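Working notes for the structure below.
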Amino acid sequence: MIETEDLITTCRRSTFYSSDEEFKTRDIEIICRRGKEILAIAKFREWDTCGGYFSDGQSFVMSADERTQADYECAEMIMDHWVEDGHPLESGEPLIIFDRLVIAIPYTGIWPALTAAIDKAFKRRGGTMVLKAFPLEWEGAADGRPVADEPMFARRLTAMRKLYRQRLGMQDIPDNSDGWMWKAIGHSMPPSSTKVNRSEGMVGDLEG
């Protein structure tokens, strides 16, 4: 719990769950309140290895696929943008997926409170934090059409990336149009400057 003059920010963690004895995961919520009024909720999933042994990235993809579609997409993204021996879980530190942030009531103290709570919750163990800067108002929208075709989507995505760079110190992952960003909390390796085409085994340079 972190208390300021007018805000209280708390962190709740579930117990770890594992379905394959290779990887384990738990849910984490950071809740920001003013009195009894909830101002914002940030939701995370923390992934770690069981026993400190990392097998390979494809095994993590399979494990993540059993958890949620969002975790599966994240695991696939990591396979595309990190080399195998630089995989975030290879470092022995956890992978933190910043799943979503809902600010129910805008308030000037929310971001400083959330940033302090995130640092306190994750900095001791280190790791890699990733997020997909996807505007929640487009979730399940567009009548089946790709949301990228919506006139305002690209503008909102650009604004969200800028917000997360400024507020959380996140960095854009090169050569991805889906809004994926990352941040080193510990000794994690950055995304690679090369990308492996897994279907053909070819390696090509990334742009950006």
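What to note about this one:
- Matching residues, the range 67-98, being in contact with a helix residue (DSSP H, G or I) (Cβ under 8 Å, 6 or more places away or on another chain), open to solvent by less than 10 Å² (accessible area, probe 1.4 Å) and in a helix (DSSP H, G or I): 71, 74, 75, 78, 88, 89
- Residue ID - most open to solvent (accessible area, probe 1.4 Å), chosen from residues in the range 139-187 that are at pLDDT below 80 and within 28 Å of residue 112 (Cβ to Cβ): 187
- Subset of the range 176-189 [of a type outside the set (A, V, I, L, M) and either more than 21 Å from residue 155 (Cβ to Cβ) or touching a residue at least 60 places away in the same chain (Cβ under 8 Å) (or both)]: 176, 178, 180, 182, 183, 186, 187, 188
- Single condition residue 114 does not satisfy, out of (1) under 30 Å from residue 5 (Cβ atoms); (2) open to solvent by 30 Å² or more (accessible area, probe 1.4 Å); (3) assigned to a helix (DSSP H, G or I): (2)
- If you go through the range 1-55 and keep only what is in a strand (DSSP E or B), free of Cβ contacts under 8 Å to residues at least 24 places away in the same chain, open to solvent by 60 Å² or more (accessible area, probe 1.4 Å) and closer than 24 Å to residue 106 by Cα, you end up with 3, 12.
- Candidate set: the range 188-208, residues that are open to solvent by 60 Å² or more (accessible area, probe 1.4 Å) and outside any strand (DSSP E or B); chosen: the one modelled with the highest pLDDT: 190
- Yes/no for residue 101 being open to solvent by less than 10 Å² (accessible area, probe 1.4 Å), at pLDDT below 95 and either under 20 Å from residue 182 (Cα atoms) or assigned to a loop (DSSP other than H, G, I, E, B) (or both): no
The values are calculated or read from the model by the stated rules, or taken from the named source; none is laboratory data. Quick caveat: nothing in here was measured; it's all calculated off a predicted structure. As a convention, Cβ positions derive from the backbone with ideal geometry for all residues, glycine included, and neighbour counts pool all protein chains shown. The accessibility values were calculated without ligands, DNA or RNA, using every heavy atom of the protein model including side chains. Shrake-Rupley method; radii C 1.70, N 1.55, O 1.52, S 1.80 Å.
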